[in-house]
Each structure stands twice: as structure tokens, then as C-alpha cells.
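**Q** First the structure, which I've put down as C-alpha cells, then a few questions once you've had a look.
The values are calculated or read from the model by the stated rules, or taken from the named source; none is laboratory data. Just so you know, these numbers come straight off a predicted model, no measurement behind them. Don't worry about glycine lacking a Cβ; one is built from the backbone with ideal geometry, like all the others, and counts go over all protein chains shown.
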Amino acid sequence: MFETGTGVGGTWYWNRYPGARFDSESWTYGYSFSQELLEEWDWEEHFAGQPETERYLNHVADKFDLRCDIQFKSRVTAAHYQEDTCSWEVILEDGRRYNTRFVITAVGVLSAPTMPRFPGVESFRGQSCHTHYWPKEPVKFDGKRVAVIGTGATGVQTITEVAKTVGHLTVFQRTPQWCAPLHNGKISDGEMREIRANYTEIFARCQQTHGCFIHATDPRATLEVTEEEREAFWEKFYGEPGFGIWMGNFRDILVDREANALISDFVARKIRQRVKDPAVAEKLIPKNHGFGTRRVPLESGYFEVYNQPNIKLVDITETPIERITPTGIKTSDAEYEFDIIIYATGFDAITGSFDRIDIRGVDGVLLKEKWQDGPQTFLGILVDDFPNMLMVMGPHAGLGNFPRAAEYSADWVTGLIRFACDRGLNRIEATAAGATAWTDHVIESSEGLLFTEVDSWMTGINRNVEGKQIRRIMRYSGGHPKFRERCEAVTADGYRELSLA
Amino acid sequence: MVYSQAAAHQAWTDPSTDFDAIIIGAGVSGL
């Protein structure tokens, strides 16, 4: 296993910015494959912070003696398929080269950070950092003039934490988000005992839901209930921990415009109640997309931050950032001086980490070029013309509670490799017809979903990345139960849908 | 071909080693 970082954890190794934290319940996020692991690990918080999660993943690596198989500080820059040997040559940044029968990509969905394309970024003389590359050493904000650019899920967490100690904070916002309360809390010994006793039921429930979250969609339609019932239902969700308000809501809020407008109006009213200055509240209410059609950030006092006298919100759709200067940020109407600039400017999502590796299949075909009009995969795991390359949580996989989905994906990939080894197969590949059929199915499964009408990383948009300005269907929206059913059908049929040799 | 973890560990320094599988990434899905 090759890993760019000096430690395990991926997302939870890199993203050590202030406030980095789960939005999924910790006790649904851990690995489920080892009863012993479940028995011995106590989660401290219902939504663990980055340090706790990093400790957990290190514990996993130690417990299962994984480190001897991992080469750290080893960035893979290329992987080339060699038809004569039915193998891959994997090339590292430092020039090392290795041959392997199978190459398994576990490169993550949000692991290729992107900086804004403002001129002058390098000229800033203060401290600046993308949240993904946050230093391991603590950063002090006391008495400092700090800027945060970006108000996505990362920005929301960062802003809320930085605001606790900062001298003065200026938030540069392009797109406000429909944030909802996280309601995190410590897990008591008694709660942990109860969680442990119920792990079987917890994981079984996650397997049944669309996104592998603990929250199952309510079978009712929004307008099936009275206005009073609806308000009470949403009030309850707004007061409860986690993604319930997104994932456990009425079944039609993400497909029906009227239903979506009603839940959006409910959350907008909450923002107006929480933000004292009506003009600031309006800036924080999304106007170009409905609730849940982008990734919903969960927050812990985010809106109240804007009631602090030392916080300023700058809407860069009104006054765009023109450049980063040696002393701060220049917008179209003002020049701001800062000690620290934090870039919470997100990721080249889903395909970005693949694009950064020179992956070449049969006849040297470049994966990035093959996917230039959108990903084409079979089950989000295999790609035709790229034999023996298997993707764990690649494009066209279902998103959601990541470890739940990743465990299944890893198991399926392992099963396929075992099948190939047992039968002495040297070459496994998706067929072109199979990849086309799955890609068409992925596209069909997203039809009618309101998120497809919105620019976001989930529709492949990143204004800071060349060629990522057209909406694509990047993920499977048919739900994890259906996804697993399809994968299991392929297995049960002896993988005859693949090209095997 | 490499079949054991110990052998895999030894093999990193030998460029002629043929691995069964190489995983890219030691994050949640890689582990």
C-alpha cells in the first residue's frame, strides 16, 4: 500500500483544521468487520472530532498490523497497464517502480484540494493555509486578524471554531449553505455500553437505508400531513443530532419542488431567528438552491458567530475578490489586512484524485481523457480498457456514510481478486457494454433529483479546476441496497458480466 | 508473487518483486 502522508487516515490524517469533525454518528462510522474492534473501542463523542478519528484509524492500523504493508511518504504519480504481462507498473514520485497484477485505488472522494484562482496568492506575507493541509502544530488566533474564504462544510466548521478565540474574523462567502444543527455530545459510559450492545442492529439499519446512514427516509410525502404536523416533524429534527433532517425527512423533499421549497422555508426561518442582523441573515440564506440539494453542513453555533461584534461577512457575489495582496485581500470595494488567510475552498471531488495520477490502460489510453465527458464505470469499481484496476469508492459509487459503503466495496473487490487467483485468471476487465449499461443506469437513477440542477462538487463542478464547469452525474443515486443487490447478482453469476482471461 | 505481510515488507526494496496487488491510499477505504 502506498500512502502520500506520513500516517494512516486519509481524510482524517490531512484535514486537521480547527473544528474538523464527523457529521455521521461515530458509532455508525467505525469499521464493522471485527467484533473484537467493536468491543474494545470506546467513542468519546457522538460526532467525533478529527483527533479522535485519527486515533481510531491508527488503532486499527496497529491492531491489524497493517503498517508493515504500508509505504508512507510514497506518492503514486503514475500507473501503467502492461498488456504483455497483464500487470501494472506503479511509479512513485521519487522514481521507485513496482509491478503488480492488480492495482486497487483507495484514493478517496474528497482528497484533491483546490485553491482559488485569485492572482497574488503567493504574495501574501502572513500565514496562509488550505484547510486540507492544516499544520500539525496548533495555530493561535488570539488577537489575530483572520480571513476564511469558503463556507462549505469545512468552512462552516472552521469559522465556528476560529470565532471562539479570534481577534477579528472576516468570512468571504460565495454560496451560503443550508446548514442544520449537529447537536453533538459526549458519550457516557452507559451510552457506550448500550451502543455496543446494539451494534448488530445499528449496522443492519445502516445497510437498509439509502445512504447507509442511521436515518431512514420517512415514507410520507410532505403534503400528506397537515401544516402543524409538518412543522412539528421538522422542529423535532432541527432539535435532534445528525443528518436526520436531510436523510430522515419526508420522501419527496429532494425531488418535489413544492416540498423542497417548504423545508427550505422552514430552515430559512430558523436562520432568521438565530442571526440578529436581518441583512446578514438574508446573506446567509441560500437563494440559488434548495435545502438538501447540496451537501448539508452540520453546525454547532455557526449562525450565532455572525452575532459577534468581531465577525464580518463579505458576500463575494456582490464584491468579488480581485486579488490576494501581500497584506491581505482586495475586493472590488475594499482592501482588508490580515495576519492569517484560511482557504476552505474545497476539493476537485470524486475524479480529482484520479486525474492527478497518470493512469494509462490498454494501448496507453489515459483515464483522465477517457473520463473527460464524465466517468464511465462498471459498478463504480471497474473500467473497460483498464484491466486489473479496481476502485474502492470510485466515481459512480454511492456516497453517504463512507465506511459503510467502503467496507462493502472493499469486500467485493477482495472477492473478485480471490476469484481470479483461485482460477488462475490473469486479466479481469469490465466490458465496454457493461460499463455503458452501468453508466446509463447511474444517469437514469439521478433523473428527477433536484440536486442534478445545482452546481456543486456532487455534480462535478469546481470553478477553480479547468474542465470542471459542466454538470456531470458523478455518483450512484439508486441507493446502497440496490447497489449491493446489483453487485451480488454479478458475483452470483460467476462474474460472467466481466471479461475474464 | 508475494503472499505474506512479512514477505511484502521485505519486497519493497527489491524492484524485481511482482506484487499480487498494490493499494493506493491508506485512508478509510484503503485500510
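**Q** Pull out all pairs, ordered by first then second residue, where Cβ-Cβ is under 8 Å, the residues are six or more apart or on different chains, the first lies in segment A:393-408 and is assigned by TED's automatic domain parsing to the domain that holds A:G478, and the second is among the charged types (D, E, K, R) and at pLDDT below 95.
**A** A:P395/A:R475; A:H396/A:R475; A:A397/A:R475; A:G398/A:R475; A:L399/A:R475
**Q** Also, I was wondering about something else. Taking A:I443 and the conditions (1) more than 11 Å from chain B (Cβ to nearest Cβ); (2) loosely packed, with under 14 Cβ neighbours inside 10 Å, which numbered condition does it fall short on, given that it satisfies the others?
**A** Going through the list (1) more than 11 Å from chain B (Cβ to nearest Cβ); (2) loosely packed, with under 14 Cβ neighbours inside 10 Å, A:I443 breaks only (2).
**Q** Restrict the check to segment A:324-344 and report whether at least one residue is in contact with a Phe, Trp or Tyr (Cβ under 6 Å, 6 or more places away or on another chain) and within 27 Å of A:R230 (Cβ to Cβ).
**A** no
**Q** May I pose another question? Can we say A:G478 is under 21 Å from the mean Cα position of the chain (by Cα), under 19 Å from A:R251 (Cβ atoms) and not assigned by TED's automatic domain parsing to the domain that holds A:Q177?
**A** The answer is yes for A:G478.
**Q** Then there is this: For A:F102, indicate whether it is in contact (Cβ under 8 Å) with a residue 12 or more places away in the chain and within 7 Å of another protein chain (Cβ to nearest Cβ).
**A** It is true that A:F102 is in contact (Cβ under 8 Å) with a residue 12 or more places away in the chain and within 7 Å of another protein chain (Cβ to nearest Cβ).
**Q** Got a number for residues in segment A:336-363 being within 21 Å of A:G19 (Cα to Cα) and among the polar types (S, T, N, Q)?
**A** The total comes to 1.
**Q** Just checking, how many residues over segment A:25-65 are touching a residue at least 40 places away in the same chain (Cβ under 8 Å), surrounded by fewer than 17 Cβ atoms within 10 Å (Cβ to Cβ) and assigned to a loop (DSSP other than H, G, I, E, B)?
**A** 3
**Q** With the requirement that a residue be more than 24 Å from A:G424 (Cα to Cα) and more than 7 Å from chain B (Cβ to nearest Cβ), what does segment A:84-99 give you?
**A** Hits for segment A:84-99 are A:I91, A:L92, A:E93, A:D94, A:G95, A:R96.
**Q** So, one more: Could you list, in sequence order, the residues of segment A:401-425 that are closer than 24 Å to A:C206 by Cα and at the interface with chain B (Cβ under 10 Å from one of its Cβ atoms)?
**A** Listed by number, the residues that qualify are A:F402, A:P403, A:A405, A:A406, A:E407, A:S409, A:A410, A:V413, A:T414.
**Q** Taking helices (runs of 4 or more DSSP H) that fall entirely within segment A:144-221, which contain at least 1 residues that are of a type in the set (S, T, N, Q) and over 23 Å from the mean Cα position of the chain (by Cα)?
**A** By residue number, A:199-208.
**Q** Given the options A:G415, A:G380, A:G374, A:G361, name the one that is in contact with a helix residue (DSSP H, G or I) (Cβ under 9 Å, 6 or more places away or on another chain) and buried (at least 24 other Cβ atoms within 10 Å of the Cβ).
**A** A:G380
**Q** Quick check on my filter: what residues within segment A:187-231 are surrounded by 12 or more Cβ atoms within 10 Å (Cβ to Cβ) and of a type in the set (G, A, S)?
**A** A:G211, A:A216, A:A221
**Q** Sticking with this structure for a sec: I'd like to verify a number: residues in segment A:325-346 that are crowded, with 22+ Cβ neighbours inside 10 Å and aromatic (F, W, Y), how many?
**A** Count: 2.
**Q** Take A:A153 and tell me if it is crowded, with 18+ Cβ neighbours inside 10 Å and either more than 30 Å from A:G380 (Cβ to Cβ) or within 14 Å of chain B (Cβ to nearest Cβ) (or both).
**A** No; evaluated as a whole, the condition is false for this residue.
**Q** Are any residues in segment A:71-92 surrounded by fewer than 18 Cβ atoms within 10 Å (Cβ to Cβ) and not in a strand (DSSP E or B), and if so, which ones?
**A** A:F72, A:K73, A:R75, A:E83, A:D84, A:T85, A:C86
**Q** Could you please find all residues in segment A:114-133 being assigned to a loop (DSSP other than H, G, I, E, B), closer than 22 Å to A:R21 by Cα and not β-branched (V, I, T)?
**A** Residue satisfying the conditions is A:M115 alone.
**Q** Then there is this: Looking for something part of a loop (DSSP other than H, G, I, E, B), farther than 30 Å from A:V107 by Cα, within 28 Å of the chain's Cα centre (by Cα) and not small (G, A, S) - is there at least one such residue anywhere in segment A:292-314?
**A** Checked against the condition, which is being part of a loop (DSSP other than H, G, I, E, B), farther than 30 Å from A:V107 by Cα, within 28 Å of the chain's Cα centre (by Cα) and not small (G, A, S), segment A:292-314 yields at least one hit.
**Q** Check off (1) at negative phi; (2) in contact with a Gly (Cβ under 6 Å, 6 or more places away or on another chain); (3) within 11 Å of chain B (Cβ to nearest Cβ) for A:A112 and give me the number that stays unchecked.
**A** For A:A112, the exception is condition (3).
**Q** If you don't mind, another one. For segment A:72-83, state whether one or more residues are basic (K, R), more than 7 Å from every other protein chain (Cβ to nearest Cβ) and in contact (Cβ under 8 Å) with a residue 40 or more places away in the chain.
**A** Yes, some residue in segment A:72-83 is basic (K, R), more than 7 Å from every other protein chain (Cβ to nearest Cβ) and in contact (Cβ under 8 Å) with a residue 40 or more places away in the chain.
Let's see how each residue does on (1) modelled with pLDDT of 95 or more; (2) outside any loop (DSSP other than H, G, I, E, B); (3) under 17 Å from A:R496 (Cα atoms):
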{"residue": "A:I359", "(1), (2), (3)": "yes, yes, no"}
{"residue": "A:D363", "(1), (2), (3)": "yes, yes, no"}
{"residue": "A:L390", "(1), (2), (3)": "yes, yes, yes"}
{"residue": "A:A405", "(1), (2), (3)": "yes, yes, no"}
{"residue": "A:W412", "(1), (2), (3)": "yes, yes, yes"}
{"residue": "A:N426", "(1), (2), (3)": "yes, no, yes"}
{"residue": "A:T436", "(1), (2), (3)": "yes, yes, yes"}
{"residue": "A:V442", "(1), (2), (3)": "yes, yes, no"}
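**Q** Quick check on this structure: which one of A:V121, A:V107 is surrounded by 14 or more Cβ atoms within 10 Å (Cβ to Cβ), under 30 Å from A:A397 (Cβ atoms) and not acidic (D, E)?
**A** A:V107
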